[in-house]
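**Q** Have a look at the structure that comes next, please.
The values are calculated or read from the model by the stated rules, or taken from the named source; none is laboratory data. Keep in mind that what you see is a predicted model, and the values were worked out from it rather than measured. Positions of Cβ are generated from backbone atoms using ideal geometry, with glycine treated the same way; all protein chains shown enter the neighbour counts. Areas reflect the complete protein model, heavy atoms only, side chains present, ligands, DNA and RNA absent. Shrake-Rupley method; radii C 1.70, N 1.55, O 1.52, S 1.80 Å.
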Amino acid sequence: MAIPMPQSVHDVEQLIKLFYQPGHTPAQVAEIQEKLQTLQRSNDGWQLADTLLRSDDQNVRFFGALTYTVKINQTTTFERTDADNLIDKLLEWIKRQILLNEGPLVMKKLCSTLAVMFLRREVTWTEILGHLMHSLSSQGDDAVIEVGTGSDLNPMDNVSRMSPPQIEATLEVSTCLSEEASKLDRESPHTSACYDRLRKNLPHIRALLLLTLPTPAFQESAFRCFSSWVNFARLGCEPSTGDLDILRDLVQPALQRIYSDTTTTPAVTAFTEILDHFPAFLRPEHRYALSEVLRSNDGRAILVLLQEEDADAIELSSLLLSYGNAVVADLVHDVDNESTEEILSLIHGLLKIPGFEDYDRLAPIVEFWNNFSEFAENETISVSDAREERHLKSIVRARSHVQQACEESVAKSVYPPPEKIDQWTDQNKQEHRNFRREVTDLLESSTILVPQWTLPRLIELTGSAVSRGDWANLEASLWAVAALSHYADLEPGKKDEQAVKALMESSVFSILLKTDVSSTTGLQRTAVDLLGEYTHYFVVHPEDLPGVLHFLFSCLESFADASRDAAHSIAKLCDACRKHLTQSIDDLLEQYHRLADLPIAEDNIQRYILQAIATVVQATAPAYYGLQHLLGIVEGKIEVARQLCDNNKDLEQGQNHAFFALRCLYIIGSSLEVPADTPIDLEENTIDPQQDSWVGGPEQRRICADVATVVRLAPSGDIIEEACKVFRSGFSEHNGPFAFPPEYAIDFILSTDIRTPRFEAVLHMCSPLLAGVKKLPYERIARLLQFVIEQMQALGKPSEDPGIAQRLIEVSGRILTHDEGALLPEIPQELMKLIFDFSIECLRGPDPLPKHAAASFWSALLTLPHPAIPNLTAFFGPPLAAALVQQVTGAAARGDLIALTELIRKLVPASASARAWFEAALQDNGSDMEADAKERVGLAERRRYVGQLFAGRGGKVTRRLVVEFWKKCRGLERFT
């Protein structure tokens with residue numbers, strides 16, 4: 001039921017009360033909100049605000065205060081008198097609210113509204129807070145508007161005369177003033193004037209906070225005010241002036257409240273924000289005093305209280321880290337300073353607290369050590385022999401702290417017991433992952449600061465964990481070793497290389513196979529992942545491959561949770577070390593057949609193992625030893641699919657098997673590609689006869705027959721797309737089993753049509769096919785062009801399927817420009833017209849993909865160096881120009897203009913008649929411009945646009961002209 005618009009103040013109050021009642025649907029909330037906002041924005045909004053603020057209901061009064069804010073923001077300019085009267089009224093309402101002595105809801109809104117009003121450009125008050133305090137503390141209900149300067153505005157006198165509620169209101173307005181001022185655009189002249197006025201209020205802020213910071217009743221409000229004004233000072237006070245010193249007088253009394261019985265959190269939060277955002281605000285003596293506070297007995301108690309997850313201790317730990325980050329240079333340089341060592345010891349202690357597993361809180365601790373390490377690293381780089389011994393000593397000491405932090409961080413990254421992990425939410429898991437990322441950053445940084453230490457030490461920790469049977473720490477150490485794989489210096493003889501070799505030849509992996517470690521989360525998965533990360537080690541140490549592969553294949557059977565990761569690592573190792581494994585193809589095939597019958601042999605595992613075998617088979621090229629066996633595996637899967645599909649025994653399972661068979665064939669084909677980093681012998685001219693024997697040979701016919709069988713069994717979209725991938729896997733190859741002759745792929749393409757599922761994938765295959773062949777015989781490319789035209793005719797309008805229309809245009813462009821347009825003279829004019837008309841229809845349509853494809857099609861064609869192009873341009877230029885005019889005069893979306901501009905740049909210099917084509921399309925009697933565009937841009941202005949366009953001769957200025965003209969036709973701005 002629709003809610004009627006209120007007709008009286010009583011109705012408005014009832015609607016507000018209804019709004020705050022629970023149980024509304026989102027639609028009801030939106031409807032109520034819309035009506036209330038309409039009332040707020042109406043001309044009667046000012047009067048409504050006053051009336052609502054007299055209500056007995058707090059929510060209604062809050063809405064009245066909110067209405068003042070809406071009206072102030074809605075009003076562009078106030079008269080000076082009106083602005084003063086409004087401030088007078090707001091002060092009056094604040095004083096009345098103080099007398100009510102209720103919750104802060106309405107008071108906070110009134111104070112923020114007053115602060116917004118004080119910052120208006122029409123308000124010229126200077127000592128705003130002095131006037132505010134005087135007005136609030138004056139006798140009677142009348143507010144005092146900008147009293148004169150003198151004793152009335154003495155800061156200490158004003159503060160001492162106010163009651164506690166008046167002080168709270170002043171603190172709230174003061175905080176809002178600085179917060180709102182900090183949001184202003186610093187480039188605006190008005191902002192500079194506001195900052196000047198606010199700086200004159202710093203003595204009043206100092207007086208106010210000197211009274212309130214030490215007073216428990218005002219702690220939260222006072223420290224919030226203090227923090228917000230320090231933040232304003234960061235933006236609005238010049239360090240060379242004395243303005244900052246006024247606020248700095250408050251630091252010492254504020255520091256005394258950090259370990260107060262009642263006010264720890266507000267004080268700690270304030271100083272944490274200052275250290276994070278404006279550390280230069282604190283003088284050296286302030287930083288030392290803060291250090292003393294942190295190093296006191298209360299500070300040391302943080303480590304004990306954190307075990308109990310004490311809220312104040314958690315905030316204090318944040319303060320400790322913020323302090324550390326703010327003075328990191330001092331912490332690195334002060335070698336003999338006992339206080340520095342105590343601070344660093346406290347930060348180390350944060351990572352060693354037993355049972356403290358709040359990873360969201362732990363991550364900043366590791367981030368601090370990362371910052372510390374990077375700073376020390378920069379210092380190391382800058383050190384020269386001439387630097388003093390003390391400086392070098394500080395670097396040695398910094399390295400020691402980073403080494404300690406690395407070990408502490410890795411130890412803290414262990415997974416907790418399974419029973420605790422079972423209670424983790426997704427957020428807990430993400431926090432642990434984020435923590436490990438921070439640890440990884442620290443470890444990586446340490447490899448630069450302390451070369452050849454981190455990796456050997458981590459590997460040493462794995463050995464210690466094994467000897468203790470500490471499987472959780474073993475997992476963490478192995479994870480850290482894996483994380484440093486890309487930073488390992490594996491040059492023979494280096495400490496990193498020796499340590500990795502010791503690990504790979506150690507008993508760690510065999511122990512994991514023999515020991516029940518199922519209660520340790522992720523240990524097996526981490527171990528197999530590590531081996532996959534160190535493929536570059538095994539490339540130079542192939543003697544360790546047999547043992548490692550034996551471990552990984554054993555993991556496939558023994559550790560279900562790690563089986564997929566083990567298969568992936570096998571694939572990575574075989575890919576990297578293929579040349580060392582050519583004698584092991586039979587063994588790998590035997591392993592595959594043994595695993596294929598096991599319950600754990602899911603599709604992904606089989607896929608990885610087939611990929612592993614195929615990469616090794618590729619290393620035997622041109623013989624491709626083992627290929628027949630791989631094809632036999634695929635054909636076995638096809639036979640299973642055929643049996644399931646026959647007589648609809650289990651059609652769904654049959655289709656799944658058929659798809660997986662084709663997926664395996666694609667994996668084999670892509671794995672047989674020559675690696676991208678294979679060196680090319682430019683002096684080698686001989687061609688092995690066996691290389692050419694693959695092209696059109698029995699194996700290729702066999703593969704194509706397998707593809708055709710699967711497509712016939714289950715012609716689904718997934719299978720069509722997978723079949724296209726099989727053909728595409730050989731497009732980049734010059735020889736080999738999957739380097740099919742172009743006619744094989746063309747025959748497959750011609751066997752499909754617009755009704756084929758995923759027909760876009762079929763068309764998408766045409767572009768790389770044509771790009772990979774320098775010159776196709778005329779008969780084949782003509783057949784392909786005829787096919788494309790037939791599909792255009794079958795589709796009808798591009799809007800019927802924009803995706804297919806896009807692909808048809810792209811293929812047409814590839815065909816017409818193939819071999820520098822050799823086919824152009826042979827194409828009958830009626831067929832050429834079908835293609836070009838279809839492309840122009842795409843250009844005129846609303847769908848962006850075919851539109852952009854058509855623009856690219858014409859851009860490529862117009863720049864083709866072929867004698868037939870001028871005649872084609874002369875014939876199709878007028879309708880092409882008309883389509884472009886239709887687009888740039890408003891039909892195109894903003895995102896279409898880049899593609900259209902490129903086409904215009906190509907068309908402008910393409911013919912001497914091009915200007916006449918554009919002018920004809922822009923005439924008043926033309927049908928290519930909408931009526932609204934013609935009204936917005938007169939004929940003379942259109943002609944001027946064409947003149948500028950052709951004066952630019954297709955240069956970079958074209959884009960600016962097109963955008964400006966499009967905006968003008970859309971009614972967005974004036975064309976200049």
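**Q** Inspect the stretch 779-796 for any residue being in contact with a helix residue (DSSP H, G or I) (Cβ under 9 Å, 6 or more places away or on another chain), within 27 Å of residue 912 (Cβ to Cβ), β-branched (Val, Ile, Thr) and assigned by the TED database to the domain that holds residue 762 and give the result as yes or no.
**A** For the stretch 779-796, residues in contact with a helix residue (DSSP H, G or I) (Cβ under 9 Å, 6 or more places away or on another chain), within 27 Å of residue 912 (Cβ to Cβ), β-branched (Val, Ile, Thr) and assigned by the TED database to the domain that holds residue 762: absent.
**Q** Counting only residues that are touching a residue at least 24 places away in the same chain (Cβ under 8 Å) and among the hydroxyl-bearing types (Ser, Thr, Tyr), which one in the stretch 68-85 is surrounded by the most Cβ atoms within 10 Å (Cβ to Cβ)?
**A** Checked the stretch 68-85; the qualifying residue surrounded by the most Cβ atoms within 10 Å (Cβ to Cβ) is 68.
**Q** Now a separate question. For a quick check of your reading of the model, give me the residue pairs whose first member lies in the stretch 897-917 and is without any contact (Cβ under 8 Å) to a residue 40 or more places away in the chain, whose second is crowded, with 18+ Cβ neighbours inside 10 Å, with beta-carbon atoms closer than 7 Å and at least 6 apart or on different chains.
**A** From residues that are without any contact (Cβ under 8 Å) to a residue 40 or more places away in the chain, the pairs are 913/877; 914/877; 914/881; 914/907; 914/908; 915/946.
**Q** Out of the helices (runs of 4 or more DSSP H) lying entirely within the stretch 191-304, which hold 3 or more residues that are touching a Pro at 6+ places or on another chain (Cβ under 9 Å)?
**A** In the stretch 191-304, the matching helices (runs of 4 or more DSSP H) lie at 202-212, 219-236.
**Q** Still on this structure, I have one more. Return a yes/no flag: does the stretch 876-894 have any residue that is open to solvent by 10 Å² or more (accessible area, probe 1.4 Å), outside the structural domain of residue 812 (by the TED database) and not in a helix (DSSP H, G or I).
**A** Scanning the stretch 876-894 turns up at least one residue that is open to solvent by 10 Å² or more (accessible area, probe 1.4 Å), outside the structural domain of residue 812 (by the TED database) and not in a helix (DSSP H, G or I).
**Q** Within the stretch 806-827, work out how many residues are within 35 Å of the chain's Cα centre (by Cα) and polar (S, T, N, Q).
**A** Looking only at that region, the number is 1.
**Q** Here's a follow-up. Just to be sure I understand the filter: pairs with C-beta atoms under 6 Å, separated by 6 or more residues or on different chains, first member in the stretch 864-886 and farther than 30 Å from residue 967 by Cβ, second member open to solvent by 30 Å² or more (accessible area, probe 1.4 Å) and not charged (D, E, K, R). Which pairs pass?
**A** 864/817; 868/825
**Q** Related question: Being open to solvent by less than 60 Å² (accessible area, probe 1.4 Å), more than 26 Å from residue 795 (Cα to Cα), in the same structural domain as residue 959 (by the TED database) and in contact with a Cys (Cβ under 6 Å, 6 or more places away or on another chain), is that true of even one residue in the stretch 904-927?
**A** no
**Q** Also: Would you tally the residues in the stretch 513-528 being open to solvent by 60 Å² or more (accessible area, probe 1.4 Å) and either modelled with pLDDT of 95 or more or charged (D, E, K, R) (or both)?
**A** 3
**Q** Among (1) over 22 Å from residue 138 (Cβ atoms); (2) hydroxyl-bearing (Ser, Thr, Tyr); (3) surrounded by 14 or more Cβ atoms within 10 Å (Cβ to Cβ); (4) under 39 Å from the mean Cα position of the chain (by Cα), there is one condition residue 38 misses while meeting the rest; what is its number?
**A** Condition not satisfied by residue 38: (3).
**Q** Among (1) of a type in the set (D, E, K, R); (2) surrounded by 18 or more Cβ atoms within 10 Å (Cβ to Cβ); (3) not assigned by the TED database to the domain that holds residue 653, there is one condition residue 637 misses while meeting the rest; what is its number?
**A** Of the numbered conditions (1) of a type in the set (D, E, K, R); (2) surrounded by 18 or more Cβ atoms within 10 Å (Cβ to Cβ); (3) not assigned by the TED database to the domain that holds residue 653, the odd one out for residue 637 is (3).
**Q** On the basis of being within 17 Å of residue 323 (Cβ to Cβ) and either touching a Lys or Arg at 6+ places or on another chain (Cβ under 8 Å) or open to solvent by 10 Å² or more (accessible area, probe 1.4 Å) (or both), does residue 239 make the cut?
**A** Working: within 17 Å of residue 323 (Cβ to Cβ): no; either touching a Lys or Arg at 6+ places or on another chain (Cβ under 8 Å) or open to solvent by 10 Å² or more (accessible area, probe 1.4 Å) (or both): yes.
So residue 239 does not fit the description; no.
**Q** Now for a separate question. Yes or no: the stretch 177-188 includes at least one residue that is more than 35 Å from the chain's Cα centre (by Cα) and open to solvent by 60 Å² or more (accessible area, probe 1.4 Å).
**A** No, the stretch 177-188 has no match at all.
**Q** Could you tell me which numbered condition residue 234 fails, if it satisfies all but one of (1) open to solvent by less than 70 Å² (accessible area, probe 1.4 Å); (2) closer than 25 Å to residue 188 by Cβ; (3) at pLDDT 85 or above?
**A** (1)
A quick yes/no check of all residues on (1) farther than 22 Å from residue 697 by Cα; (2) touching a strand residue (DSSP E or B) at 6+ places or on another chain (Cβ under 7 Å); (3) outside the structural domain of residue 816 (by the TED database); (4) open to solvent by less than 50 Å² (accessible area, probe 1.4 Å):
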| position | (1), (2), (3), (4) |
| --- | --- |
| 721 | yes, no, yes, no |
| 725 | no, no, yes, no |
| 728 | no, no, yes, no |
| 749 | no, no, no, yes |
| 752 | yes, no, no, yes |
| 761 | yes, no, no, yes |
| 771 | yes, no, no, no |
| 775 | no, no, no, no |
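**Q** Just to be sure I understand, how many residues within the stretch 438-494 are of a type in the set (A, V, I, L, M, F, W, C), part of a helix (DSSP H, G or I) and free of Cβ contacts under 8 Å to residues at least 60 places away in the same chain? Walk me through it before giving the result.
**A** Our first condition is that a residue be of a type in the set (A, V, I, L, M, F, W, C); within the stretch 438-494, this holds for 439, 442-443, 448-450, 453, 455, 458-459, 461, 465-466, 471-472, 474, 476, 478-484, 488, 490.
From what's left, part of a helix (DSSP H, G or I): 439, 442-443, 448-449, 455, 458-459, 461, 465-466, 471-472, 474, 476, 478-483.
Retained after the next criterion (residues that are free of Cβ contacts under 8 Å to residues at least 60 places away in the same chain): 443, 455, 458-459, 461, 465-466, 471-472, 474, 478, 481-483.
Adding up the residues that qualify gives 14.
**Q** Right, next: Just the residues that are within 24 Å of residue 828 (Cα to Cα) and open to solvent by 60 Å² or more (accessible area, probe 1.4 Å), please, taken from the stretch 842-873.
**A** Selection gives 856, 863, 865, 867, 870, 871.
**Q** Something else: Among the residues of the stretch 495-508, what is the count of those that are part of a loop (DSSP other than H, G, I, E, B) and either open to solvent by 60 Å² or more (accessible area, probe 1.4 Å) or modelled with pLDDT of 95 or more (or both)?
**A** So the count comes out to 2.
**Q** Moving to a separate point now. Is there any pair with a first residue in the stretch 408-422 that is over 27 Å from residue 370 (Cα atoms) and a second that is not polar (S, T, N, Q) whose Cβ atoms are under 7 Å apart and which are 6 or more apart or on different chains, and what are they?
**A** Here the result reads 421/415, each pair linking the stretch 408-422 to a residue that is not polar (S, T, N, Q).
**Q** Go through (1) surrounded by fewer than 21 Cβ atoms within 10 Å (Cβ to Cβ); (2) under 23 Å from residue 457 (Cα atoms) for residue 558 and report which single condition fails.
**A** The number of the failed condition is (2).
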